[in-house]
Amino acid sequence: MKYRKLGNTGLIVSELALGTMQFGSKMNVGNLGQEETNRMVKLALDRGINFIDTADVYSLGESETLVGNALKGIREEIVLATKVRLPMSDNFNRSGATRVNIMRGIESSLRRLRTDYVDLYQVHGWDSNTPLEETLRALDDLVRQGKVRYIGLSNYMSWQAATAVMLQERLGLARFVTAQMYYSLVGRGLEHEFQSFAEYHQIGILVWSALAGGFLSGKYSRANPAPSGTRFAESGQFVPFEKEIAYRVVDALKEVAARHGASAARVALAWTLARPAVSSVIIAARSNEHLEDNIRASDLQLSSEDVRLLDAASDPGIPYPKWMVLQLDTAEDPRPKVLHPERYATGGVWKDRRGTPWSA
């Protein structure tokens, strides 16, 4: 296992984190009970994982309870993260990023997790019904009280995250150090703006669903789009993607996997681990066998040829305004070529498109 800093902090985490949505029976994701949870947590820790990510909403608290039980006696040895914001009941005040819900949420999570603090407390999504300052001040209070060591965001758009960080800095509040975001070979939208934002502000990206809900495991094909016993057969498509492009990506994954004697899943995870600003990639499996295979992605080194093949198969194109930013800042401006010549060693980070023939 390899290790990285958690964003711009001094905390060191494994580059693969154990996800826990599969623990518990109320979400129809994994339906793993206490014995299976104990075994999976032990396997992860034995293989060098020191970072576990959960959320209050996973099986409506059951996942946190199972994780808390599994960590009895060893909680201090690991980095523990959870989340707040999504509905926990039909009571509308038990939802959102309000001061009331955050304060109630942390107490409930601490009780279920059998601990008096969490290392990373994350807002599970933007709350358009609550003033942002209210959310940020409540989180800051938790840090000052010692119930939370660091705070993170999840599923924010770039402008939302940037607004939050600037407000935290202006008000002198505890700052977001991580962003838990969906990112995969069939979901590269993070590259349009958010990745650059994270790099600039030194926020560590925690990747969820790097296998696109299991699609990039290689089990799925055009001839058998939902094999029996898979998540797609039981629960449907977990994240949206264009299927024909996805099958093309799977073909490329299998080609690279054959070169390395590895699984398609391991290759997909290795590709994600090599992307900019990533602090950790969250892996979640329903069996110890699959978890073991996922963990081995930490040891897989892809060649430049492998990366080019995967990048080409999954290329989402570059939307505006990013293509204009790159055009002006890296193609037309001569300074980057002098200051960072290594970026242009293979032809440049962005090809000047002026004068390109319409048919090109």
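A compact table of results
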{"read-out": "Any chance M181 is of a type outside the set (D, E, K, R) and under 30 Å from E244 (Cα atoms)", "value": "yes"}
{"read-out": "Residues (among the charged types (D, E, K, R), touching a residue at least 24 places away in the same chain (Cβ under 8 Å) and assigned to a helix (DSSP H, G or I)) located in the range 70-109", "value": "R75, E77, R99"}
{"read-out": "Yes/no for I282 being surrounded by 14 or more Cβ atoms within 10 Å (Cβ to Cβ) and modelled with pLDDT under 95", "value": "no"}
{"read-out": "Residue tally, condition among the acidic types (D, E) and either touching a helix residue (DSSP H, G or I) at 6+ places or on another chain (Cβ under 6 Å) or surrounded by fewer than 16 Cβ atoms within 10 Å (Cβ to Cβ) (or both), over the range 129-142", "value": "2"}
{"read-out": "Every residue from the range 324-346 that is without any contact (Cβ under 8 Å) to a residue 24 or more places away in the chain and either closer than 30 Å to A264 by Cα or surrounded by 13 or more Cβ atoms within 10 Å (Cβ to Cβ) (or both)", "value": "V325, D329, T330, A331, P336, K337, R343, Y344, T346"}
{"read-out": "Candidate set from the range 1-34 (those that are out of contact with any Lys or Arg (no Cβ under 7 Å at 6 or more places or on another chain) and of a type in the set (V, I, T)); member that is surrounded by the most Cβ atoms within 10 Å (Cβ to Cβ)", "value": "T20"}
{"read-out": "Criterion violated by A223 - all others in (1) at pLDDT below 85; (2) among the hydrophobic types (A, V, I, L, M, F, W, C); (3) surrounded by 14 or more Cβ atoms within 10 Å (Cβ to Cβ) satisfied", "value": "(3)"}
{"read-out": "Any hit, the range 167-177, residues being of a type in the set (K, R), in contact (Cβ under 8 Å) with a residue 60 or more places away in the chain and either under 19 Å from A81 (Cβ atoms) or surrounded by fewer than 22 Cβ atoms within 10 Å (Cβ to Cβ) (or both)", "value": "no"}
{"read-out": "Unique match (being free of Cβ contacts under 8 Å to residues at least 60 places away in the same chain and assigned to a strand (DSSP E or B)) among I151, I205", "value": "I151"}
{"read-out": "Filter result for the condition that a residue is buried (at least 18 other Cβ atoms within 10 Å of the Cβ), polar (S, T, N, Q), over 26 Å from T272 (Cβ atoms) and touching a helix residue (DSSP H, G or I) at 6+ places or on another chain (Cβ under 6 Å), over T82, T65, T37", "value": "T65"}
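Condition check ((1) crowded, with 16+ Cβ neighbours inside 10 Å; (2) free of Cβ contacts under 8 Å to residues at least 24 places away in the same chain; (3) over 17 Å from A55 (Cβ atoms)) across all residues:
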| site | (1), (2), (3) |
| --- | --- |
| R111 | no, yes, no |
| V123 | yes, no, no |
| D127 | yes, no, no |
| Q145 | no, yes, yes |
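The values are calculated or read from the model by the stated rules, or taken from the named source; none is laboratory data. Only a predicted model underlies this, so the values are computations on that prediction, with no experimental measurement involved. Cβ atoms come from the backbone with ideal geometry, glycine included; neighbour counts cover every protein chain shown.
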